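Chemist: Here it is, the structure in full.
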Amino acid sequence: MTEETNLTEENIPSENDSAQANQPSYEELVAKVSELENEKKKFEEIGKKAQHDYIMLKYEFDSLINRLEKTEKELKTSTMIANLKKIIPFVEELRQTIEHTPAEIADNSRTQWIKLVYEKTLKTLETMWVYQIESIGLEPDAELHEPVGVEPTEDPALKWKITKEFERGYILKNGDEKNIIKTAKVIVAQ
């Protein structure tokens, strides 16, 4: 005869018995909750540190971008001014040639060509935000004008005013930013 296991209700483990045997004690649960809270605090601190590090990194990045943009703008402006300082003497020579042209050859085709080149050059400079500094009739401004001489005058309205330009001045105006390329050399009435 084979041995048969006789299963009765007494021999079969109930679900409650196995659930109770696998269930942790109260102390184990408290310890597990405490462990989980400690892990939560640790992860919260890691999150706060990561957030702080991110904010600082973003601030440093934005600051770097602003400095680079400012440096790039300054470099462009200084390069443009350096190049304009090479062109302005040519423009001044054209102006002086036109001003000192005798009346008998003022209508000459060459003289007209020089005037045309001068006017087109001024228009081109204006597209680059470069303008001539106004001087005649104004009081000298130390930033814009360099007095190179004085001349006597009897007219009290002209005293300490600019009466002649020896050389024109040029300024780069880009929005609110103004850069003097060349000061105007002027003669002031005294």
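The values are calculated or read from the model by the stated rules, or taken from the named source; none is laboratory data. Keep in mind the model is a prediction, meaning the values are calculated, not measured. FYI the Cβ positions are ideal-geometry reconstructions off the backbone, even for glycines, and counts take in every protein chain you see.
Chemist: So, residue 172, is that one surrounded by 14 or more Cβ atoms within 10 Å (Cβ to Cβ) and either outside any strand (DSSP E or B) or of a type in the set (Lys, Arg) (or both) or not?
Modeler: So residue 172 fails the test.
Chemist: Restrict the check to segment 60-71 and report whether at least one residue is surrounded by 10 or more Cβ atoms within 10 Å (Cβ to Cβ), in a helix (DSSP H, G or I), over 26 Å from the mean Cα position of the chain (by Cα) and not β-branched (Val, Ile, Thr).
Modeler: No, segment 60-71 contains no residue that is surrounded by 10 or more Cβ atoms within 10 Å (Cβ to Cβ), in a helix (DSSP H, G or I), over 26 Å from the mean Cα position of the chain (by Cα) and not β-branched (Val, Ile, Thr).
Chemist: Go through segment 90-111 and count every residue that is loosely packed, with under 11 Cβ neighbours inside 10 Å and part of a helix (DSSP H, G or I).
Modeler: Number satisfying all stated conditions: 6.
Chemist: Which members of segment 91-147 meet the condition of being more than 25 Å from residue 177 (Cβ to Cβ) and under 32 Å from the mean Cα position of the chain (by Cα)?
Modeler: Once the filter is applied, which keeps residues that are more than 25 Å from residue 177 (Cβ to Cβ) and under 32 Å from the mean Cα position of the chain (by Cα), segment 91-147 yields only 120.
Chemist: Taking the condition surrounded by 11 or more Cβ atoms within 10 Å (Cβ to Cβ) and touching a Lys or Arg at 6+ places or on another chain (Cβ under 7 Å), does residue 114 pass?
Modeler: Answer is no for this residue.
Chemist: Answer with yes or no whether residue 78 is modelled with pLDDT of 95 or more, part of a helix (DSSP H, G or I) and either among the β-branched types (Val, Ile, Thr) or within 30 Å of residue 176 (Cα to Cα) (or both).
Modeler: Taking the combined requirement at face value, the residue does not satisfy it.
Chemist: Residue pairs, Cβ under 6 Å, 6 or more apart or interchain, first in segment 166-190 and within 17 Å of residue 78 (Cβ to Cβ), second small (Gly, Ala, Ser). List them.
Modeler: Final answer for the pair search is 182/169.
Chemist: Being in contact with a helix residue (DSSP H, G or I) (Cβ under 8 Å, 6 or more places away or on another chain) and not in a helix (DSSP H, G or I) is the filter; apply it to segment 112-144 and report the residue that is modelled with the lowest pLDDT.
Modeler: Of everything passing the filter in segment 112-144, 128 is modelled with the lowest pLDDT.
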